[in-house]
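The values are calculated or read from the model by the stated rules, or taken from the named source; none is laboratory data. The model shown is predicted, which means the values in this text are computed figures rather than measured ones. Cβ: placed from backbone, ideal geometry, glycine included. Neighbour counts: every protein chain shown. Please note that ligands, DNA and RNA were not included when accessible areas were found on the heavy atoms of the full protein model with its side chains. Shrake-Rupley method; radii C 1.70, N 1.55, O 1.52, S 1.80 Å.
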Amino acid sequence: MSNAVLALQDVSRHYRGKGGLLRKGDTLRAVDGVDVTLAPGETLGIVGESGSGKSTLGRLAAGIEPPSAGNVTFKGKPYAPIGSSAWRRQRRDVQVVFQNPSQALDPRLSIADQIRGAMEAHRLDTGKSGAGSLDALLARVGLEGLGRRYPHQLSGGQLQRAVIARALSLSPDVIVCDEAVSALDVSVQAQILNLLQDLQAEFSVAYLFISHDLGVVRHVSHRIAVMQHGRIVEAGPAGDVFASPRNSYTKALIAALPAASPSARRARDAKRRLDFAKV
Ligand SMILES: Nc1ncnc2c1ncn2[C@@H]1O[C@H](COP(=O)(O)OP(=O)(O)OP(=O)(O)O)[C@@H](O)[C@H]1O
Ligand SMILES: [Mg+2]
């Protein structure tokens with residue numbers, strides 16, 4: 001895809017064993033010859049079981065880890081060497097949101113100060129975040145009037161909103177979301193997913209949306225790539241992958257879905273209540 005904002009071409013990441021679980025000299029192919037493109041403003045969902053290489057792929061895509069082989073390009077150019085000033089600029093354009101927001105935030109700083117700090121680090125005018133003023137940005141993510149709070153004074157969902165606001169304040173082209181809602185209650189998950197979708201519509205940011213939860217990925221993704229043992233075993237428009245999975249591993253993931261997906265769980269529980277009422 002020529003207009004891709006992010007492209008991975010035949011990218012691999014291998015880890016060498018240093019003893020322990022992975023024996024010395026053994027090579028683990030965490031990501032193994034993967035091709036992925038992300039168009040501006042689209043959401044590509046990455047699913048797969050634990051250990052299939054999703055987070056490694058996310059770090060490669062975000063440029064915070066170099067590939068062992070293959071090319072990662074952002075807006076058509078390879079990432080600059082890690083630590084260089086050009087690389088720091090690219091760090092601004094590709095943000096990452098991880099599972100645990102309390103670890104991503106500094107407990108000693110108010111939410112507003114952390115966002116200001118991130119903007120200052122990138123020499124941005126703190127009066128003008130991606131969404132206008134800092135207050136406007138906080139309001140936009142549902143944290144109106146909470147900028148002076150410290151992380152311990154916010155709920156898990158509010159903390160993730162703060163992390164999203166900080167990412168957004170840098171006007172990124174891409175946000176890599178690695179299990180961004182996995183630690184949250186189901187009802188809060190839905191709110192954050194809706195927020196991410198609204199922000200995408202407004203700011204046309206692209207998401208590489210990584211989750212082990214197929215139900216969550218289905219909710220937000222335009223396209224889906226399924227990973228197994230470091231490879232992409234199936235990819236396509238989200239509707240197609242769910243309606244007619246071609247790969248047996250994908251079929252198994254989807255078959256396991258009723259227990260994992262919030263919406264399917266609600267449907268199942270509602271049906272159970274109905275069945276119970278009939279007795
Ligand atoms: N820095 C590292 N050094 C050595 N091995 C690693 C490293 N990072 C990841 N791995 C290994 O690479 C494989 C893929 O890990 P990765 O974290 O990418 O999987 P994942 O799909 O994100 O799993 P999960 O769903 O549990 O988060 C695993 O076998 C993991 O142990
Ligand atoms: Mg992971």
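Points to keep in mind about this one:
- Within the accessible area of region 6-278 (1.4 Å probe), percent carbon and sulfur: 51 percent
- Extension gain for residue 201-residue 21 works out to 60.4 nm (0.36 nm per residue, less the C-alpha to C-alpha distance).
- Theoretical gain in end-to-end length, residue 144 to residue 240 [0.36 nm per residue, Cα-Cα removed]: 30.7 nm
- Choice from 163, 186, 47 with maximal GNM fluctuation in the chain (Cα, 10 Å cutoff): 186
- Length released on extending from residue 128 to residue 87, taking residue separation times 0.36 nm less the Cα-Cα span: 12.5 nm
- Taking other residues whose beta carbon is less than 11 angstrom from the beta carbon of residue 169, and scoring Lys, Arg as +1 and Asp, Glu as -1, yields +3.
- Debye log10 I(q)/I(0) at q = 0.16, 0.18 Å⁻¹ for region 159-204, Cα point scatterers: -0.41, -0.52
- Ligands, DNA and RNA are left out, and with a 1.4 angstrom probe the accessible area of the chain is 50 Å² per residue.
- Of 25, 236, 76, the one that fluctuates the most in a GNM where the chain has Cα springs shorter than 10 Å: 25
- Over the C-alpha atoms of the chain, the Rg to Rh ratio, Rh being the Kirkwood estimate, stands at 0.99.
- Model label zone, residue 231; criterion: amide N under 20 Å from point 7 Å along Cα-to-beta-carbon; scope region 26-51: 27-37, 46-51
- Measuring nothing but how far apart in sequence close Cα pairs (under 8 Å, 6+ apart) lie, relative to its length, the chain scores a relative contact order of 23 percent.
- Taking every C-alpha pair closer than 8 Å and separated by at least 6 residues, the mean separation divided by the residue count of region 107-246 gives a relative contact order of 18 percent.
- Cα-based radius of gyration for region 169-261, normalised by 2.2 N^0.38 Å, reads 1.11.
- One Cα centroid belongs to region 6-49, the other to region 74-153; the line between them spans 26 Å.
- Fluctuation leader among 243, 180, 62 - the chain, Gaussian network, Cα springs under 10 angstrom: 243
- Student exercise, the chain dipole from Lys, Arg, Asp, Glu Cβ charges, in Debye to nearest 20: 480 debye
- Which of 211, 138, 224, positive extreme of dipole for the chain (C-beta unit charges): 211
- Paramagnetic label reach from residue 153 (point 7 Å along Cα→Cβ; backbone nitrogen cut-off under 14 Å): within region 112-129, residues 112-114.
- Shape call, region 85-153: gyration tensor on alpha carbons, a/c limit 1.5: oblate
- Taking other residues whose beta carbon is less than 10 angstrom from the beta carbon of residue 121, and scoring Lys, Arg as +1 and Asp, Glu as -1, yields +4.
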